[in-house]
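One structure is given here, and the rest of the page talks about it.
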Amino acid sequence: MDILHCDLDAFFASVEQRDHPELRGKPVIVGAPPNSRGVVSTCSYEARAFGVRSAMPSSQAYRLCPQAVFLPVDMKRYREASNQVFAILAEYTPVIEALSIDEAFLDLSGSHGIFGSSMEIGTQIRRRVKTELGLNISVGIGANKFLAKLATNLCKPDGIMEFTEDMVKNLLPTLTVDHLWGIGTVSTRRLNRSGIYTIQDLLEAPRQLLETLLGSSTDFCLDLARGIDYRPVTPYEEVKSIGNEITFPEDINEKQVIEQVLLELAEKVAHRLRMAQRKCQTITIKMRTPDFQTFSRSITSPTAVDDQRTLFDTAWMLYQQSGLEGKPLRLIGLTASRFQDREYEQPSLFEEFSKDKGIDSLIDGLNQKYAPGAVKRAVLMHSPGHFREGRN
Ligand SMILES: [Mg+2]
């Protein structure tokens, strides 16, 4: 029983209730305001009692629970609390896989000698998160990731559970199919329509039927149904930048072609940013000349963006001001870095300036609006290296 899964209870709402004692015991909804088209991000258990759920439209949440306190998402504070929780987790093992800001797997196979059994470690973690950070964290323990997470889901909120061998044999088959990893509402409905409600039903169903219902996930689901899950706990390395670049088959100096290429790169990078739920403050272009010198130009803004238009406009300005405009290039790249979480919704400053004003007036404007020196121009950079299409 080496795998531990932890999940903070109603995390955003709990941080708010911890920091604002007058909110304790009350329904708290963190997310978009009720008169907007946005959704609930997290709600306290007091709000859940009224049927409010995450991802529900805030207007619907308001109809269910008009007395709830609605609060905007304060990602900076939640990130800080999350970092403190992960610092505690990291004391018990280096093998930690973050699933989200408030959820992680720990592989404790190397930790028992020092810290004791998984149950002892889980109990300690829960006590420390409670006393040191004032938050509730639920813990599930199992022989693998699936069983550990299942245990957490069964013991939430504020619980700890070990999914034993005996439970794999006697409890798991009795659970409904939506307890299986990856079986959401659509698959559940599809399975139910074929008379498959419990995990036992799934194990007894003809394989051919399962394949029509589950496709390529059939074997994975059957493994899970038997309590088997081979996926290792994979420590997650934080992505620091997202970039794409193109090496041209022939050197290019036509501005129209460069413009087209930057448009395509901006589209790819913007898409990847949105997929990663990130917005960037720094935009960098990289240019390599036929003599293999590499130059980069970048700009950092206090506001964060993730849209193709802004990425392109900024990249295009950087190119026009690079001193390499119209010169032959063998490679061009576009990279986004200095990420903020997407929940920071601020107006885009990049967009307040038209591209013909040039990069200097953009920097000036940003510095005027914020502190002097808040926005800097990156220095020229030379680097040797290998050249091909790529991404980071
Ligand atoms: Mg949670």
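Structure summary
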item: Out of G159, G142, sole residue that is in contact (Cβ under 8 Å) with a residue 24 or more places away in the chain and within 26 Å of S82 (Cβ to Cβ); result: G142
item: Residue check for E91: acidic (D, E) and in a strand (DSSP E or B); result: no
item: Hey, A47 part of a helix (DSSP H, G or I), within 15 Å of the ligand (Cβ to nearest atom) and within 18 Å of the chain's Cα centre (by Cα) or not; result: no
item: Out of A151, A98, sole residue that is farther than 12 Å from F11 by Cβ and modelled with pLDDT under 95; result: A98
item: Out of V73, V52, sole residue that is open to solvent by 10 Å² or more (accessible area, probe 1.4 Å), within 16 Å of the ligand (Cβ to nearest atom), assigned to a loop (DSSP other than H, G, I, E, B) and touching a helix residue (DSSP H, G or I) at 6+ places or on another chain (Cβ under 7 Å); result: V73
item: Matching option when the condition is buried (at least 16 other Cβ atoms within 10 Å of the Cβ), touching a residue at least 60 places away in the same chain (Cβ under 8 Å), more than 22 Å from the chain's Cα centre (by Cα) and outside the structural domain of V15 (by TED's automatic domain parsing), among L154, L147; result: L147
item: Scope the stretch 219-276; condition farther than 30 Å from R338 by Cα, free of Cβ contacts under 8 Å to residues at least 24 places away in the same chain and either touching a Leu at 6+ places or on another chain (Cβ under 6 Å) or assigned to a helix (DSSP H, G or I) (or both); matching residues; result: D219, L222, D223
item: Among residues of the stretch 304-324, those that are open to solvent by less than 10 Å² (accessible area, probe 1.4 Å) and either part of a helix (DSSP H, G or I) or aromatic (F, W, Y) (or both), counted; result: 7
item: Cβ pairs under 8 Å, 6+ apart, first in the stretch 311-330 and on the phi > 0 side of the Ramachandran plot, second of a type in the set (D, E, K, R); result: G326/K255
item: Condition check for T212: open to solvent by 70 Å² or more (accessible area, probe 1.4 Å) and under 30 Å from R272 (Cβ atoms); result: no
item: Some residue of the stretch 26-44 being surrounded by fewer than 19 Cβ atoms within 10 Å (Cβ to Cβ) and within 15 Å of the ligand (Cβ to nearest atom); result: no
item: Verdict on S14 being among the hydroxyl-bearing types (S, T, Y), within 16 Å of the ligand (Cβ to nearest atom) and open to solvent by less than 40 Å² (accessible area, probe 1.4 Å); result: yes
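Conditions tested, residue by residue: (1) outside the structural domain of I332 (by TED's automatic domain parsing); (2) of a type in the set (D, E); (3) open to solvent by 70 Å² or more (accessible area, probe 1.4 Å).
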{"site": "T188", "(1), (2), (3)": "yes, no, no"}
{"site": "E204", "(1), (2), (3)": "yes, yes, yes"}
{"site": "Q208", "(1), (2), (3)": "yes, no, yes"}
{"site": "F220", "(1), (2), (3)": "yes, no, yes"}
{"site": "E259", "(1), (2), (3)": "no, yes, no"}
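The values are calculated or read from the model by the stated rules, or taken from the named source; none is laboratory data. The shown structure was predicted, so the numbers you read here are calculated from the model rather than taken from an experiment. Glycine gets a Cβ as well: all are built from the backbone with ideal geometry, and neighbour counts include every protein chain shown. Just the protein is used for accessible areas: all its heavy atoms, side chains included, with ligands, DNA and RNA removed. Shrake-Rupley method; radii C 1.70, N 1.55, O 1.52, S 1.80 Å.
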